[in-house]
Amino acid sequence: MIDESRVEAGALSRDGVSAEQALDEVRRLRAGDRPTHGGRLFAYVYDPAVPGLDDLTAAAHRESAHVNGLDPTAFPSLLAMENALVGAAGRLLGGGPGTSAPDVVGSVTSGGTESLILAVKAARDAHPEIAAPRIVVPSTAHAAFAKAAHYLRVALDVVPVPPETLRPEPTAMAAAIGPDTVLVACSAPSYAHGVVDPVVEIAAVAAEAGVRCHVDACFGGWALPYLRRLGEPVPAFDFTVPGVTSISVDLHKYAYAPKGVSVLLHRDAAGRAPQYFAYADWPGYTMINPVIASTRSGGPIAAAYATLRHLGDAGYLRLAATTRDAVAGLADAVRAVDGLRLMAEPESTVVCFTATEDGPDLFVLVDELTARGWHTQPQLSYADLPASVHLTVTASVAPRVAEFGPDLAAAVEATHAAGPVRLPAELVSLVGVLTPEALTPEVVAGLAAGLGLGGDPNSDDTVGPLPERMAVVNTLLDAAAPALRERLLVEFVGLLQRPDWSSGE
Ligand SMILES: Cc1ncc(COP(=O)(O)O)c(C=O)c1O
């Protein structure tokens with residue numbers, strides 16, 4: 001019998017706990033996370049290492065956390081801050097009064113994925129006469145385009161990139177455009193390798209075909225203009241390029257704002273109009289949403305506003321210079337180690353390397369680097385691109401660069417000594433032939449247990465849900481085709497996401 005007066009479980013305690021205890025619990029949980037500050041985590045976080053900035057953004061967030069972006073007339077503060085962010089992004093990316101794109105408009109979204117979904121939605125809904133719309137993207141485009149296509153039922157035409165350049169050929173992009181194409185996309189730069197696509201040529205072929213062209217500058221759109229001002233050879237990628245119709249830039253990346261803020265810009269208001277959703281056919285408030293969320297917190301927007309106001313143009317220029325020096329130092333460290341090679345010469349804020357034929361097992365190397373306090377991001381092999389290691393470099397990395405080289409060399413040595421991951425032959429052949437449809441709960445449970453994933457749901461032991469070393473998991477995923485990788489990850493993450501039914505006391 002369940003006692004219905006006792007509902008406490010997980011986060012819900014019986015009588016509530018003190019504020020101190022609640023905060024203490026958050027802090028204790030956070031202690032198991034990767035370090036968001038300190039320049040040793042090369043993905044997920046963007047840390048400028050500016051003293052006082054965290055306090056400022058926390059205070060700004062607190063001021064506006066309960067403000068609701070649902071209705072700009074009720075909270076004009078939010079409208080003003082959004083307009084200020086869009087103005088800053090538009091100006092940085094070649095638009096605004098006195099430019100060749102004077103009518104640029106935009107919206108503040110919650111992140112890059114939302115910006116890309118909305119760019120695809122706007123392109124789709126601009127053509128209600130096209131029954132089966134399609135978008136053309138290079139294979140290096142961010143996975144969020146695939147998510148947008150999936151959510152919006154738009155077909156995805158993927159153009160492979162040559163492994164030597166890692167960027168799409170404009171002629172191949174042109175050839176992929178058909179009568180149902182509503183959008184052509186490219187990256188400035190791509191996340192995986194940090195290279196800038198030939199935007200001028202791609203925008204030209206899109207314009208020629210009368211199709212919108214979106215530049216995904218989510219990752220580096222805030223850094224590239226500053227790198228150019230520092231003398232780096234950054235190719236044109238913004239609204240100065242004819243044919244570019246929309247651009248996304250994430251403020252929670254290289255504008256160094258706390259998470260939850262991106263900007264989607266359109267060349268003009270007509271381009272943005274089909275992005276909006278309005279609904280008046282119900283008895284409640286008439287809904288008009290420029291973005292996907294309806295209720296949304298003013299916190300991240302206020303925090304981003306405060307970040308931009310505080311750092312200023314000069315601050316971003318300084319941070320870009322520091323980051324550029326860190327990128328150069330890390331790339332030199334990679335070049336100095338036998339068995340590693342850069343996937344591309346760095347041209348933005350990414351260092352991406354792979355192993356030569358007799359080089360180390362990259363997945364073991366990633367674990368060895370983790371053991372030395374460096375958190376890098378493994379990228380699985382894809383089509384004719386080898387597996388690689390990705391480093392997102394931010395300003396906070398600069399003081400650490402000198403320590404990275406010796407640790408990288410030691411990690412490579414330890415990797416050679418450990419030898420590559422050898423999965424049991426039956427497992428490799430199973431993964432080679434398994435189709436996603438054939439994955440039964442038993443097969444998943446067996447694989448997860450074999451890989452040490454998920455822990456034991458029926459046990460109280462404190463062993464975490466993830467193994468300390470991930471090389472075996474990555475090697476297994478690498479042996480699988482993309483469709484099986486997707487399905488395995490869905491299953492594995494599903495195993496991790498299970499309710500905490502503990503009594504909460
Ligand atoms: C080029 C690019 N586009 C889009 C995204 C998606 O951004 P978010 O994770 O903020 O949704 C990313 C994230 O890394 C990115 O690098």
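The values are calculated or read from the model by the stated rules, or taken from the named source; none is laboratory data. Worth saying up front: this structure is predicted, and the values here are computed from it rather than measured. Heads up, the Cβs are rebuilt from the backbone with ideal geometry, glycines too, and the neighbour counts pull from every protein chain shown. Surface accessibility is based on the protein's heavy atoms, side chains included, excluding ligands, DNA and RNA. Shrake-Rupley method; radii C 1.70, N 1.55, O 1.52, S 1.80 Å.
With the structure loaded, tell me whether Val337 is closer than 22 Å to Leu380 by Cβ, hydrophobic (A, V, I, L, M, F, W, C) and out of contact with any strand residue (DSSP E or B) (no Cβ under 7 Å at 6 or more places or on another chain) or whether it fails that test.
Working: closer than 22 Å to Leu380 by Cβ: yes; hydrophobic (A, V, I, L, M, F, W, C): yes; out of contact with any strand residue (DSSP E or B) (no Cβ under 7 Å at 6 or more places or on another chain): yes.
Considered against the rule, which asks whether it is closer than 22 Å to Leu380 by Cβ, hydrophobic (A, V, I, L, M, F, W, C) and out of contact with any strand residue (DSSP E or B) (no Cβ under 7 Å at 6 or more places or on another chain), Val337 comes out as yes.
Checking each residue in the stretch 222-271 for being out of contact with any Cys (no Cβ under 9 Å at 6 or more places or on another chain) and of a type in the set (S, T, N, Q) picks out only Thr240.
Does the stretch 22-32 contain any residue that is modelled with pLDDT under 95 and within 28 Å of Asp500 (Cβ to Cβ)? Write out each step before concluding.
Let us first name the residues in the stretch 22-32 that are modelled with pLDDT under 95, namely 32.
Subsequent filtering for residues that are within 28 Å of Asp500 (Cβ to Cβ) retains 32.
There is at least one residue in the stretch 22-32 that is modelled with pLDDT under 95 and within 28 Å of Asp500 (Cβ to Cβ).
Restricting attention to the stretch 236-246, the residues that are open to solvent by 50 Å² or more (accessible area, probe 1.4 Å) and within 16 Å of the ligand (Cβ to nearest atom) total 0.
Within the stretch 146-190, track down each residue that is of a type outside the set (A, V, I, L, M) and touching a Leu at 6+ places or on another chain (Cβ under 6 Å).
Selection gives Pro163 alone.
Helices (runs of 4 or more DSSP H) fully within the stretch 1-117 that include at least 1 residues being of a type in the set (S, T, N, Q), open to solvent by 30 Å² or more (accessible area, probe 1.4 Å) and within 21 Å of Tyr316 (Cβ to Cβ): 76-92. With a requirement of 3 or more residues that are away from the ligand (no atom under 16 Å from the Cβ), without any contact (Cβ under 8 Å) to a residue 40 or more places away in the chain and more than 21 Å from the chain's Cα centre (by Cα), none of the strands (runs of 3 or more DSSP E) lying completely within the stretch 118-218 satisfies it.
Checking the condition touching a Pro at 6+ places or on another chain (Cβ under 8 Å) and under 30 Å from Phe404 (Cβ atoms), which residue from Leu56, Leu41 passes?
Working: Leu56 fails: touching a Pro at 6+ places or on another chain (Cβ under 8 Å).
The unique qualifying residue is Leu41.
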